[in-house]
Amino acid sequence: MLFLAGCATVPSSQKNLAPLYQNENSTLDQESFAALWERRTVLFGQATAGRGPGLLGTGFSALGGPKAGGAGFPMNVAATLIDSLLLESGFQHYSVMLHMSPQEEEEFRQAYRRRYDPANHILIWCDLRTTWAELHLNLDRWTVFIEVRDDELRQYEPVEMLEESQAARPAVMDMLPGIGPGPGPARRQVHQKTVMFCFPRQDLLKNPVLSPKVKSLRLVFQETNDQRTKAEGIWVFRE
Amino acid sequence: MAHSRFLPSGTTLLLLCTLTGLLLLIGCKAQEVETKWSAEPVKVDGEMSEWSSGSTVYFEDPGLQLGLCNDGQNLYVLFRFNNQAWARAIRMGGVTLWLDNSGKKKKDFGIRYAGGPSLSDMQRPGGSEGGGFRESMTPEQQQRLDQMESSRADQITLIDKKANTETSVPANGSGGPAASFASPQGVYTYEISVPLAKGEAFGFGIGAQPGQTISLGFEWGGTSKEDREKMMGGGPPGGMGGRPPGGTGGGPPGGTGGGPRGSGMKSLAKQELWVKTRLASPDGG
């Protein structure tokens, strides 16, 4: 279930998860990888305002430019929090699917750990898209950070950003009637990029960033030169 | 003997449940869709070239485009949307097309097709599945993954609930029905053809003639059969080094918030759409 809440620039998107200590201690016989993925993914930005969850899944905006729709945020973001449960589910999912031998599976796990270091990083996988100019996908334009709320509010910037795919050829989307503006089909060029954001698991004093007391984790994209241009997705940890 | 003026609470509850059920049934009535006559057989390739704009309808809720046409031999179904979560769900668990020649909503005969964009496509920008798993695989594993996915798209499963059978046949139509997937202009497009007459090879066909009213049910999402088997049957071969800590038995079994504890599987929301249609005749009747 997706809830929309108020935000400075565009409506934010929120997902409710179990408290962190439950996520860390849960076993994997409950949900499929796809279901877990879905539950940890928030969609926010360009296309979210006024659309139902079904259409949010399209991830594509009907907005054509900065003034259209009044939202003013140039990107659509699908952000997935890769917590330990999702990570383990992914390992199992692909090892079963590919009939990996125990050795292959261990190498697969190690390769992942080497690449992303989940023991020391909070991992957030982001799919960024825009129907505006490609330059909006340039990460230099954006200040990306997380806000962790427990008894106080703390902010952390990523220690690493791994661009897993470059903004390559734009896809031309044939927007179905009812999704695009106006009665007929509309076509938009969509520029896309995928990034893994790695945030620290510990602060400078070696305290865990995501302690069991944490109530919510907020991922914020804020345009560096115009701080009013801002969008965010929220994971709320609830009993 | 005095009689209570009020119904016992259990009876009231039963009445309320019955009324709610009736209201839900009314709400779930199959929508009527026109089937166009096709003078030529439609090539099942997932492309839109043979579908004119007048031969499709758009369902704003849940947000998909549907096209139906038939010739004297086959019913052709076009099913398209641009919801990536659905495309992923179909690739993992398939979309089932239920066919009921009585015009009701029986799920006795169906076709399941699990074609769709490959994982590599989904993980490219624009794909919603990712997480860095593919990036952590060896090139050989990535290749295996691609092959596995393409082979799944080469087959369809014929479901006969009455006979309690599920039969895999090639998706190219050599076994009767055919199915294909493409994404013209980035829209996930599924095309399926089903013989109108019962076939000899698998006894599979709608068992209907032009002019007859039939019902079609589309079902996708939810937990796939594969996932269920995986969950019931345990983990991958070779043990599970590196399981997350816990699983201690004392920990909450909920996994993620909001759901009932210890209630078993939870899944992506299942989607279901039923339409009723009258098969077209060459004279337009």
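What the table shows:
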| item | result |
| --- | --- |
| Test result for A:L153, under 23 Å from A:H191 (Cβ atoms) and either surrounded by 15 or more Cβ atoms within 10 Å (Cβ to Cβ) or in contact with a strand residue (DSSP E or B) (Cβ under 7 Å, 6 or more places away or on another chain) (or both) | no |
| Criterion violated by B:D121 - all others in (1) at pLDDT 85 or above; (2) farther than 14 Å from B:Y190 by Cα; (3) of a type in the set (D, E, K, R) satisfied | (1) |
| Selection within the range A:189-224 - more than 15 Å from A:I122 (Cα to Cα), within 14 Å of chain B (Cβ to nearest Cβ) and part of a strand (DSSP E or B) | A:Q189, A:V190, A:H191, A:Q192, A:K193, A:T194 |
| Matching strands (runs of 3 or more DSSP E) fully within the range B:1-88 where at least 3 residues are at pLDDT below 70 | none |
| Filter result for A:S95 (crowded, with 22+ Cβ neighbours inside 10 Å, farther than 18 Å from A:F221 by Cβ and more than 9 Å from every other protein chain (Cβ to nearest Cβ)) | no |
| Residues within the range A:114-131 that are surrounded by fewer than 21 Cβ atoms within 10 Å (Cβ to Cβ) and in contact (Cβ under 8 Å) with a residue 12 or more places away in the chain, tallied | 6 |
| Breaking point among (1) under 23 Å from the mean Cα position of the chain (by Cα); (2) facing chain B (nearest Cβ under 9 Å), for A:M100 | (1) |
| Any hit, the range B:164-184, residues being of a type in the set (S, T, N, Q), at pLDDT below 85 and crowded, with 16+ Cβ neighbours inside 10 Å | yes |
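The values are calculated or read from the model by the stated rules, or taken from the named source; none is laboratory data. These numbers come from a predicted model, not from an experiment. Cβ atoms come from the backbone with ideal geometry, glycine included; neighbour counts cover every protein chain shown.
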